[in-house]
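Data block below; observations after.
The values are calculated or read from the model by the stated rules, or taken from the named source; none is laboratory data. Only a predicted model underlies this, so the values are computations on that prediction, with no experimental measurement involved. All Cβ positions, glycine included, derive from the backbone under ideal geometry; neighbour counts span all protein chains shown. Keep in mind that these areas ignore ligands, DNA and RNA; they rest on the heavy atoms of the full protein, side chains included. Shrake-Rupley method; radii C 1.70, N 1.55, O 1.52, S 1.80 Å.
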Amino acid sequence: MTAVGIPVAGTRWRGPDGSGLRADTAHSLTDGMRRWPVVEGIPWLRPGREELRAATVAALDAGDPHRATMLLLADTDDWWDGGRPAPRRLRAALAAGSLTEAVDLLGLGRVGTYFRHRWSDPSWLATLALTAAHPPAGRAVVDLACGAGHLLRHLALHGHTDLTGVDVVFAKLWLARRFVLPTGAPVALVCADLTAGWPLPPSSVPRHVACHDALYFLSDKAGFVASATAAAGPRGAVLLGHLHNAAHPAGRAGLPLRAHEWTALLPGATAYAEEELTAATAGGRLPVAATGAALAATEALGLARDEAAAPADPALLTPADGVPVRPNPLYPDGDRTWPDDRWAAEYGDRAATYLPPRWPDPPGPDAVCRRLLLDLPERW
(Lines give C-alpha, C1' and ligand atoms only; values in the text may rest on other atoms or scores of the structure.)
Protein backbone atom coordinates (compact mmCIF):
# COMPACT_ATOMS: atom_id res chain seq x y z
CA MET A 1 0.00 0.00 0.00
CA THR A 2 1.27 3.44 -0.84
CA ALA A 3 1.27 6.43 1.45
CA VAL A 4 -1.67 7.99 -0.39
CA GLY A 5 -3.91 5.01 0.10
CA ILE A 6 -3.92 3.33 -3.32
CA PRO A 7 -4.99 -0.31 -2.87
CA VAL A 8 -2.43 -3.01 -2.13
CA ALA A 9 -0.69 -4.31 -5.23
CA GLY A 10 -2.56 -7.22 -6.74
CA THR A 11 -5.96 -6.04 -5.45
CA ARG A 12 -8.53 -5.59 -8.19
CA TRP A 13 -11.64 -3.59 -7.57
CA ARG A 14 -14.87 -4.47 -9.30
CA GLY A 15 -17.14 -1.99 -11.03
CA PRO A 16 -20.85 -1.65 -10.20
CA ASP A 17 -21.70 -4.27 -12.85
CA GLY A 18 -19.22 -6.76 -11.39
CA SER A 19 -16.59 -6.29 -14.07
CA GLY A 20 -12.94 -6.26 -13.08
CA LEU A 21 -11.15 -2.92 -13.09
CA ARG A 22 -7.56 -2.10 -13.96
CA ALA A 23 -5.56 1.10 -13.75
CA ASP A 24 -5.32 2.93 -17.08
CA THR A 25 -3.69 6.08 -15.63
CA ALA A 26 -2.35 7.10 -12.24
CA HIS A 27 -5.76 8.65 -11.49
CA SER A 28 -8.30 6.33 -13.08
CA LEU A 29 -9.52 2.76 -13.39
CA THR A 30 -11.28 1.21 -16.36
CA ASP A 31 -13.34 -1.83 -17.24
CA GLY A 32 -12.49 -1.33 -20.90
CA MET A 33 -15.67 0.68 -21.51
CA ARG A 34 -15.85 3.35 -18.81
CA ARG A 35 -13.26 5.12 -16.73
CA TRP A 36 -13.63 5.66 -13.00
CA PRO A 37 -11.77 8.39 -11.09
CA VAL A 38 -9.29 7.74 -8.30
CA VAL A 39 -9.06 10.87 -6.14
CA GLU A 40 -6.52 11.07 -3.31
CA GLY A 41 -6.05 7.33 -3.65
CA ILE A 42 -9.79 6.61 -3.28
CA PRO A 43 -11.51 4.90 -6.24
CA TRP A 44 -14.97 6.40 -6.88
CA LEU A 45 -17.25 3.69 -8.28
CA ARG A 46 -20.80 4.99 -7.84
CA PRO A 47 -23.25 4.07 -10.63
CA GLY A 48 -26.02 6.29 -11.96
CA ARG A 49 -23.95 9.47 -11.86
CA GLU A 50 -22.52 9.51 -15.35
CA GLU A 51 -22.10 13.27 -15.61
CA LEU A 52 -20.25 13.43 -12.31
CA ARG A 53 -18.03 10.49 -13.25
CA ALA A 54 -17.14 12.01 -16.61
CA ALA A 55 -16.56 15.50 -15.18
CA THR A 56 -14.28 14.16 -12.45
CA VAL A 57 -12.22 12.07 -14.86
CA ALA A 58 -11.97 15.09 -17.19
CA ALA A 59 -10.71 17.29 -14.33
CA LEU A 60 -8.07 14.72 -13.45
CA ASP A 61 -7.02 14.33 -17.08
CA ALA A 62 -6.67 18.12 -17.27
CA GLY A 63 -4.32 18.11 -14.29
CA ASP A 64 -6.82 19.72 -11.91
CA PRO A 65 -7.10 17.37 -8.92
CA HIS A 66 -8.55 20.13 -6.71
CA ARG A 67 -11.56 20.50 -9.00
CA ALA A 68 -11.97 16.72 -9.11
CA THR A 69 -11.95 16.57 -5.31
CA MET A 70 -14.46 19.41 -5.02
CA LEU A 71 -16.83 17.67 -7.45
CA LEU A 72 -16.83 14.49 -5.37
CA LEU A 73 -16.98 16.27 -2.02
CA ALA A 74 -20.32 17.78 -3.08
CA ASP A 75 -21.84 14.34 -3.80
CA THR A 76 -24.19 12.91 -1.15
CA ASP A 77 -26.22 9.79 -0.39
CA ASP A 78 -29.95 9.40 -0.93
CA TRP A 79 -30.73 9.96 2.77
CA TRP A 80 -29.11 13.39 2.97
CA ASP A 81 -31.65 16.20 3.35
CA GLY A 82 -29.21 19.07 3.89
CA GLY A 83 -27.97 21.47 1.26
CA ARG A 84 -24.74 21.29 -0.68
CA PRO A 85 -21.86 23.57 0.26
CA ALA A 86 -21.00 26.50 -1.98
CA PRO A 87 -17.89 26.13 -4.17
CA ARG A 88 -15.97 28.61 -2.01
CA ARG A 89 -16.57 26.45 1.06
CA LEU A 90 -15.54 23.31 -0.80
CA ARG A 91 -12.37 25.08 -1.90
CA ALA A 92 -11.69 26.19 1.66
CA ALA A 93 -12.26 22.64 2.93
CA LEU A 94 -9.30 21.45 0.86
CA ALA A 95 -7.05 23.53 3.11
CA ALA A 96 -8.83 22.71 6.40
CA GLY A 97 -6.49 22.01 9.27
CA SER A 98 -8.77 19.80 11.35
CA LEU A 99 -11.72 17.44 11.26
CA THR A 100 -13.79 20.05 13.10
CA GLU A 101 -13.04 22.74 10.53
CA ALA A 102 -13.58 20.42 7.57
CA VAL A 103 -17.01 19.12 8.60
CA ASP A 104 -18.15 22.69 9.15
CA LEU A 105 -16.94 23.86 5.74
CA LEU A 106 -18.54 20.83 4.08
CA GLY A 107 -21.87 21.64 5.74
CA LEU A 108 -22.23 18.14 7.16
CA GLY A 109 -24.47 19.28 10.02
CA ARG A 110 -25.62 16.40 12.23
CA VAL A 111 -23.34 13.96 10.38
CA GLY A 112 -20.37 16.20 11.12
CA THR A 113 -21.34 16.32 14.79
CA TYR A 114 -21.62 12.53 14.80
CA PHE A 115 -18.12 12.17 13.33
CA ARG A 116 -16.54 14.68 15.72
CA HIS A 117 -18.03 13.09 18.81
CA ARG A 118 -18.18 9.47 17.69
CA TRP A 119 -15.55 8.58 20.31
CA SER A 120 -17.99 9.60 23.08
CA ASP A 121 -21.30 8.15 21.91
CA PRO A 122 -22.76 4.92 23.31
CA SER A 123 -23.01 3.21 19.93
CA TRP A 124 -19.21 3.58 19.56
CA LEU A 125 -18.70 1.90 22.92
CA ALA A 126 -21.00 -0.84 21.65
CA THR A 127 -18.87 -1.17 18.51
CA LEU A 128 -15.75 -1.61 20.63
CA ALA A 129 -17.35 -4.30 22.79
CA LEU A 130 -18.70 -6.25 19.81
CA THR A 131 -15.31 -6.08 18.07
CA ALA A 132 -13.40 -7.11 21.20
CA ALA A 133 -15.72 -10.09 21.74
CA HIS A 134 -15.39 -11.15 18.09
CA PRO A 135 -12.05 -9.74 16.87
CA PRO A 136 -10.35 -9.88 13.47
CA ALA A 137 -7.67 -12.22 14.87
CA GLY A 138 -5.30 -11.62 11.97
CA ARG A 139 -7.90 -11.76 9.22
CA ALA A 140 -8.40 -9.10 6.58
CA VAL A 141 -10.92 -6.50 7.78
CA VAL A 142 -13.64 -4.98 5.62
CA ASP A 143 -15.64 -2.17 7.22
CA LEU A 144 -18.82 -1.56 5.24
CA ALA A 145 -20.40 1.91 5.46
CA CYS A 146 -17.19 2.85 7.26
CA GLY A 147 -18.00 6.58 7.45
CA ALA A 148 -14.98 8.62 8.49
CA GLY A 149 -12.96 5.54 9.43
CA HIS A 150 -13.23 5.48 13.22
CA LEU A 151 -13.15 1.68 13.48
CA LEU A 152 -10.43 1.36 10.84
CA ARG A 153 -8.31 3.84 12.79
CA HIS A 154 -8.82 1.90 16.02
CA LEU A 155 -7.81 -1.39 14.40
CA ALA A 156 -4.83 0.14 12.58
CA LEU A 157 -3.50 1.56 15.85
CA HIS A 158 -3.89 -1.90 17.38
CA GLY A 159 -1.62 -3.32 14.71
CA HIS A 160 -4.04 -4.71 12.15
CA THR A 161 -2.57 -4.33 8.67
CA ASP A 162 -5.07 -5.54 6.05
CA LEU A 163 -7.92 -3.03 6.29
CA THR A 164 -10.50 -1.89 3.75
CA GLY A 165 -13.23 0.71 4.17
CA VAL A 166 -16.22 1.08 1.85
CA ASP A 167 -18.70 3.96 1.89
CA VAL A 168 -21.13 5.50 -0.57
CA VAL A 169 -20.16 9.10 0.27
CA PHE A 170 -16.76 10.28 -0.91
CA ALA A 171 -16.59 13.15 1.59
CA LYS A 172 -16.65 10.69 4.49
CA LEU A 173 -13.75 8.70 3.06
CA TRP A 174 -11.85 11.92 2.35
CA LEU A 175 -12.28 12.94 5.99
CA ALA A 176 -11.04 9.52 7.04
CA ARG A 177 -7.91 9.81 4.94
CA ARG A 178 -7.18 13.45 5.81
CA PHE A 179 -7.96 13.61 9.51
CA VAL A 180 -8.91 10.30 11.16
CA LEU A 181 -6.69 7.47 9.93
CA PRO A 182 -3.10 7.40 11.17
CA THR A 183 -0.62 8.73 8.62
CA GLY A 184 0.51 5.89 6.39
CA ALA A 185 -1.98 3.43 7.88
CA PRO A 186 -2.46 0.31 5.71
CA VAL A 187 -6.07 1.11 4.86
CA ALA A 188 -7.61 0.91 1.38
CA LEU A 189 -10.69 3.09 0.88
CA VAL A 190 -13.23 2.81 -1.92
CA CYS A 191 -16.39 4.82 -2.66
CA ALA A 192 -19.11 2.46 -3.85
CA ASP A 193 -22.84 1.83 -3.53
CA LEU A 194 -23.22 -1.56 -1.89
CA THR A 195 -26.86 -1.73 -2.94
CA ALA A 196 -25.78 -1.65 -6.59
CA GLY A 197 -22.70 -3.86 -6.70
CA TRP A 198 -19.86 -4.89 -4.43
CA PRO A 199 -16.40 -3.50 -5.26
CA LEU A 200 -14.61 -6.42 -3.60
CA PRO A 201 -13.67 -9.54 -5.55
CA PRO A 202 -14.02 -12.97 -3.91
CA SER A 203 -11.13 -13.86 -1.66
CA SER A 204 -9.47 -17.14 -0.86
CA VAL A 205 -8.55 -15.86 2.61
CA PRO A 206 -11.12 -15.32 5.37
CA ARG A 207 -12.31 -11.79 6.11
CA HIS A 208 -13.66 -10.04 9.15
CA VAL A 209 -16.60 -8.10 7.67
CA ALA A 210 -18.29 -5.43 9.78
CA CYS A 211 -21.15 -3.01 9.29
CA HIS A 212 -22.04 -0.68 12.16
CA ASP A 213 -24.78 1.91 12.48
CA ALA A 214 -25.92 1.67 8.85
CA LEU A 215 -27.81 -1.51 7.97
CA TYR A 216 -31.13 -0.19 9.28
CA PHE A 217 -31.09 2.37 6.45
CA LEU A 218 -31.16 -0.29 3.71
CA SER A 219 -34.30 -1.84 2.26
CA ASP A 220 -32.77 -5.13 1.05
CA LYS A 221 -31.21 -6.17 4.32
CA ALA A 222 -31.27 -9.88 3.51
CA GLY A 223 -29.39 -9.32 0.27
CA PHE A 224 -26.80 -7.18 2.03
CA VAL A 225 -26.21 -9.75 4.77
CA ALA A 226 -25.92 -12.52 2.19
CA SER A 227 -23.29 -10.50 0.31
CA ALA A 228 -21.42 -9.73 3.54
CA THR A 229 -21.41 -13.43 4.43
CA ALA A 230 -20.09 -14.34 0.99
CA ALA A 231 -17.40 -11.67 1.31
CA ALA A 232 -16.35 -13.08 4.70
CA GLY A 233 -15.83 -16.52 3.20
CA PRO A 234 -15.03 -19.77 5.03
CA ARG A 235 -13.73 -19.19 8.56
CA GLY A 236 -14.64 -15.54 8.22
CA ALA A 237 -16.72 -13.37 10.53
CA VAL A 238 -19.68 -11.04 10.05
CA LEU A 239 -20.43 -8.32 12.63
CA LEU A 240 -23.56 -6.18 12.41
CA GLY A 241 -23.80 -3.37 14.95
CA HIS A 242 -26.42 -0.87 16.10
CA LEU A 243 -29.38 -2.54 14.43
CA HIS A 244 -32.38 -0.37 15.35
CA ASN A 245 -35.16 -2.30 17.08
CA ALA A 246 -38.54 -1.29 15.63
CA ALA A 247 -40.23 -2.31 18.90
CA HIS A 248 -38.31 0.32 20.89
CA PRO A 249 -39.43 3.99 20.88
CA ALA A 250 -35.85 5.16 20.29
CA GLY A 251 -35.16 2.60 17.57
CA ARG A 252 -37.56 3.69 14.86
CA ALA A 253 -35.27 5.80 12.70
CA GLY A 254 -34.53 4.53 9.22
CA LEU A 255 -36.05 1.19 8.23
CA PRO A 256 -35.73 -0.85 11.44
CA LEU A 257 -36.79 -4.43 12.18
CA ARG A 258 -37.86 -6.18 15.36
CA ALA A 259 -35.26 -8.16 17.24
CA HIS A 260 -36.34 -11.58 16.00
CA GLU A 261 -36.33 -10.30 12.42
CA TRP A 262 -32.75 -9.09 12.77
CA THR A 263 -31.51 -12.37 14.25
CA ALA A 264 -33.20 -14.30 11.45
CA LEU A 265 -30.97 -12.50 8.94
CA LEU A 266 -27.81 -14.01 10.43
CA PRO A 267 -28.64 -17.51 11.72
CA GLY A 268 -26.29 -18.82 14.35
CA ALA A 269 -25.05 -15.38 15.32
CA THR A 270 -24.41 -14.36 18.91
CA ALA A 271 -26.79 -11.52 19.77
CA TYR A 272 -26.26 -8.65 22.19
CA ALA A 273 -28.39 -5.85 23.58
CA GLU A 274 -26.76 -2.52 22.82
CA GLU A 275 -27.15 -1.31 26.41
CA GLU A 276 -25.04 -4.27 27.54
CA LEU A 277 -22.42 -3.66 24.85
CA THR A 278 -22.09 -0.02 25.90
CA ALA A 279 -21.92 -0.90 29.59
CA ALA A 280 -19.29 -3.56 28.93
CA THR A 281 -16.85 -1.11 27.33
CA ALA A 282 -17.50 1.52 29.99
CA GLY A 283 -16.80 -1.13 32.61
CA GLY A 284 -13.68 -2.47 30.92
CA ARG A 285 -15.08 -5.97 30.41
CA LEU A 286 -16.35 -8.21 27.63
CA PRO A 287 -20.11 -8.20 26.91
CA VAL A 288 -22.62 -10.86 27.83
CA ALA A 289 -24.88 -12.21 25.08
CA ALA A 290 -28.64 -11.77 25.32
CA THR A 291 -31.70 -13.73 24.30
CA GLY A 292 -35.47 -13.49 24.47
CA ALA A 293 -36.91 -10.61 26.47
CA ALA A 294 -33.60 -8.75 26.77
CA LEU A 295 -33.26 -8.60 23.00
CA ALA A 296 -36.89 -7.74 22.45
CA ALA A 297 -36.56 -4.76 24.80
CA THR A 298 -33.25 -3.33 23.59
CA GLU A 299 -32.96 -0.10 21.61
CA ALA A 300 -30.60 -1.74 19.13
CA LEU A 301 -28.95 -5.10 18.58
CA GLY A 302 -25.45 -6.27 17.85
CA LEU A 303 -24.93 -9.54 15.99
CA ALA A 304 -21.72 -11.49 15.41
CA ARG A 305 -21.10 -14.80 13.68
CA ASP A 306 -17.54 -16.05 13.47
CA GLU A 307 -16.96 -19.30 11.61
CA ALA A 308 -13.48 -19.57 13.16
CA ALA A 309 -14.68 -18.85 16.71
CA ALA A 310 -11.65 -16.61 17.33
CA PRO A 311 -10.98 -15.91 21.02
CA ALA A 312 -11.94 -12.51 22.39
CA ASP A 313 -9.40 -9.71 22.46
CA PRO A 314 -10.13 -7.46 25.49
CA ALA A 315 -7.34 -5.08 24.41
CA LEU A 316 -9.68 -3.78 21.69
CA LEU A 317 -11.93 -2.25 24.36
CA THR A 318 -9.43 0.56 24.91
CA PRO A 319 -6.91 2.63 22.94
CA ALA A 320 -3.77 0.85 21.80
CA ASP A 321 -0.75 0.98 24.06
CA GLY A 322 1.26 4.16 23.57
CA VAL A 323 -1.51 6.10 21.83
CA PRO A 324 -1.91 9.50 23.52
CA VAL A 325 -5.21 10.31 25.19
CA ARG A 326 -6.60 13.72 26.09
CA PRO A 327 -9.59 15.10 27.99
CA ASN A 328 -12.95 14.66 26.34
CA PRO A 329 -13.89 17.96 24.62
CA LEU A 330 -17.43 17.59 25.98
CA TYR A 331 -15.99 19.12 29.18
CA PRO A 332 -14.77 22.51 27.89
CA ASP A 333 -15.04 24.26 31.28
CA GLY A 334 -15.36 21.30 33.58
CA ASP A 335 -19.10 20.90 33.03
CA ARG A 336 -20.36 18.23 30.65
CA THR A 337 -21.86 19.89 27.57
CA TRP A 338 -23.58 17.86 24.85
CA PRO A 339 -22.71 18.93 21.28
CA ASP A 340 -26.28 20.01 20.48
CA ASP A 341 -29.89 19.20 21.29
CA ARG A 342 -30.17 16.53 18.62
CA TRP A 343 -27.11 14.67 19.90
CA ALA A 344 -28.42 15.01 23.44
CA ALA A 345 -31.80 13.57 22.46
CA GLU A 346 -30.25 10.59 20.66
CA TYR A 347 -27.33 9.76 22.95
CA GLY A 348 -27.51 11.89 26.09
CA ASP A 349 -29.37 9.58 28.47
CA ARG A 350 -27.12 6.60 27.78
CA ALA A 351 -23.92 8.65 27.57
CA ALA A 352 -24.74 10.08 31.00
CA THR A 353 -24.32 6.58 32.47
CA TYR A 354 -20.54 6.82 31.95
CA LEU A 355 -19.90 10.56 31.48
CA PRO A 356 -20.55 12.40 34.77
CA PRO A 357 -22.05 15.93 34.90
CA ARG A 358 -18.73 17.43 36.03
CA TRP A 359 -15.14 16.55 35.26
CA PRO A 360 -13.81 14.47 38.18
CA ASP A 361 -10.52 15.56 39.69
CA PRO A 362 -8.66 13.31 39.44
CA PRO A 363 -10.43 11.48 36.56
CA GLY A 364 -9.75 8.07 38.11
CA PRO A 365 -8.32 4.77 36.84
CA ASP A 366 -11.41 4.06 34.71
CA ALA A 367 -11.25 7.38 32.85
CA VAL A 368 -10.30 5.78 29.52
CA CYS A 369 -13.00 3.10 29.69
CA ARG A 370 -15.60 5.74 30.58
CA ARG A 371 -14.48 8.00 27.70
CA LEU A 372 -13.35 10.84 29.93
CA LEU A 373 -9.99 10.49 28.21
CA LEU A 374 -10.10 9.93 24.46
CA ASP A 375 -7.63 8.84 21.79
CA LEU A 376 -8.71 11.60 19.41
CA PRO A 377 -6.83 12.10 16.14
CA GLU A 378 -4.07 14.68 16.26
CA ARG A 379 -6.03 16.96 13.93
CA TRP A 380 -9.41 16.52 15.60
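Calculate the FRET efficiency for Asp349 and Arg252 from the Cβ-Cβ distance with a Förster distance of 22 Å, rounded to the nearest 0.05.
So the FRET efficiency works out to roughly 0.85.
What 222 nm value per residue comes from the helices of the chain, counting each DSSP H run with n ≥ 4 as -39,500 (n - 2.57) and dividing by all residues, nearest 500 deg cm²/dmol?
-7500 deg cm²/dmol
At 7 Å along the Cα-to-beta-carbon direction for both Ser204 and Ala312, put a label point, then send me their distance in nm to one decimal.
In this crude spin-label approximation the distance works out to 3.6 nm.
Dipole magnitude of the chain about its Cα centre, charges +1 at Lys/Arg Cβ and -1 at Asp/Glu Cβ only, in debye to the nearest 20?
540 debye
Working out 0.36 nm times the residue gap between Val323 and Asp77, then minus their Cα-Cα distance, what length gain in nm do you get to one decimal?
Here the answer is 85.2 nm.
Provide the per residue accessible area, probe 1.4 Å, for the chain, rounded to a whole number of square angstrom.
Result: 41 Å² of accessible area for each residue.
How much length would be gained if the chain were fully extended between Glu261 and Asp64, taking 0.36 nm per residue of separation minus their Cα-Cα distance, in nm to one decimal?
Here the answer is 66.1 nm.
For the chain, which whole percent of the accessible surface, found with a 1.4 angstrom probe, sits on carbon and sulfur atoms?
It is 54 percent, rounded to a whole number.
Quick one: if you stick a label point 7 Å off each Cα along the C-beta vector at Glu101 and Arg88, how many nm between them?
Output for this residue pair reads 1.8 nm.
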